[in-house]
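What follows is a single structure, written as structure tokens, with notes after it.
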Amino acid sequence: SFSIPKGSLYGLVGPNGAGKTTLLSLVAGFLIPDSGSIAILGMDAQADLPKLRGRFSMLVQDAMLPRNRKIRETLTYLARLGGLSKSEALMDVDRVLTMCGLTDQSSKRFRQLSHGMAKRLHVAQAFLGNPELIFLDEPTSGLDPENAAQIRSILLELAGESTVVISSHNLAELEEPCTD
């Protein structure tokens, strides 16, 4: 049992196969627990999942977006799925594209992005709608040092705005951005 302090950048560290992704999959409702319970923002993660819509987001490890859709179009669609109106979604897409340094890439298709840009796009997607709680599963995995540093910088800029849980097998990746 554990709880995560509100507004913190919380590191979840362990070797490959330790269960980090499984834990996040349980929290997000992708998997159903055999026993026990999970509370997110004071609500039962399984029973109250529809009520939590838009209040938390998840970046799964090795996430994929539609390869042939344009970035801005895809993010707008995802923001609308999160409950934003069309005008709110368009404004929020501009915000996260700017935050992640992808404004000049917004008319490209996902398949045209480098691995580093694709990771930044996934991070941008997780911040759509200003969720209270954000889970990032291995957000810097497979990135070169420059792109990993850019993602850590984005996380540090947002410290305190949302509670962010970052999983990694690499303790060094968590030491700089994490407060807990």
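Sorting 135-144, 46-55 by average packing, meaning the other beta carbons within 10 Å per residue, from highest down gives 135-144, 46-55. Shown in residue order for the range 41-51 are the 3J(HN,Hα) couplings computed by the Karplus curve 6.51 cos²θ - 1.76 cosθ + 1.60 at θ = phi - 60°: 6, x, 10, 5, 4, 8, 6, 9, 3, x, 6 Hz (x for Gly and Pro).
When shorter helices are ignored and each DSSP H run of at least 4 residues is given -39500 (n - 2.57), the per-residue value for the chain at 222 nm works out to -10500 deg cm²/dmol. Using the average count of surrounding beta-carbon atoms within 10 Å as a protection proxy, the listed peptides 1-8, 77-84, 103-110 rank, highest first, as 77-84, 103-110, 1-8. When only Cα pairs below 8 angstrom with a gap of at least 6 residues are kept, the chain shows a relative contact order of 37 percent.
What the chain shows is 52 Å² of accessible area per residue, with the surface traced by a 1.4 Å probe over protein heavy atoms.
Annotation note: chymotrypsin sites (Phe, Trp or Tyr not before Pro) in the range 7-67 located in DSSP loop regions with a Cβ neighbour count of at most 15 within 10 Å are Phe30. Which one of Ile134, Ile38, Ile71 has the biggest mean-square fluctuation once the chain is modelled by GNM with Cα springs under 10 Å? Largest GNM mean-square fluctuation: Ile38. Close amide H contacts of Ile40 (hydrogens built in the peptide plane, cut-off under 5 Å, sequence separation of 5 or more or a different chain): Ala45. Summarising the amide proton neighbourhood of Leu31: residues at separation of 5 or more, or on other chains, whose placed amide H is nearer than 5 Å comprise Leu26. Taken as Cα centroids, the range 115-160 and the range 46-81 sit 14 Å apart, rounded to the nearest whole angstrom. Electrostatic bookkeeping for Ala39 treats Lys and Arg as +1 and Asp and Glu as -1; over the other residues with beta carbon under 14 Å from its beta carbon, the sum is 0.
Taking label positions 7 Å along the Cα-Cβ direction at both Ser85 and Glu161, the computed distance is 2.2 nm, reported to one decimal. Per residue, the convex hull spanned by the alpha carbons of the chain comes to 116 Å³. Put a dot 7 Å past the Cα of Gln112, heading toward its Cβ, do the same for Asp144, and the two dots end up 2.1 nm apart. What size of dipole, in debye to the nearest 20, comes out for the range 1-121 about its Cα centre when the only charges are +1 on Lys and Arg C-beta atoms and -1 on Asp and Glu C-beta atoms? Roughly 520 debye, rounded to the nearest 20.
As a fraction of the 1.4 Å probe accessible area of the chain, surface on carbon and sulfur atoms comes out at 52 percent.
The values are calculated or read from the model by the stated rules, or taken from the named source; none is laboratory data. Remember, predicted model here, so these are calculated numbers, not experimental data. Quick reminder, even Gly has a Cβ in these numbers, built from the backbone with ideal geometry, and neighbours come from all protein chains shown. Each accessible area value is taken on the protein alone, full model and side chains, heavy atoms only, with ligands, DNA and RNA left out. Shrake-Rupley method; radii C 1.70, N 1.55, O 1.52, S 1.80 Å.
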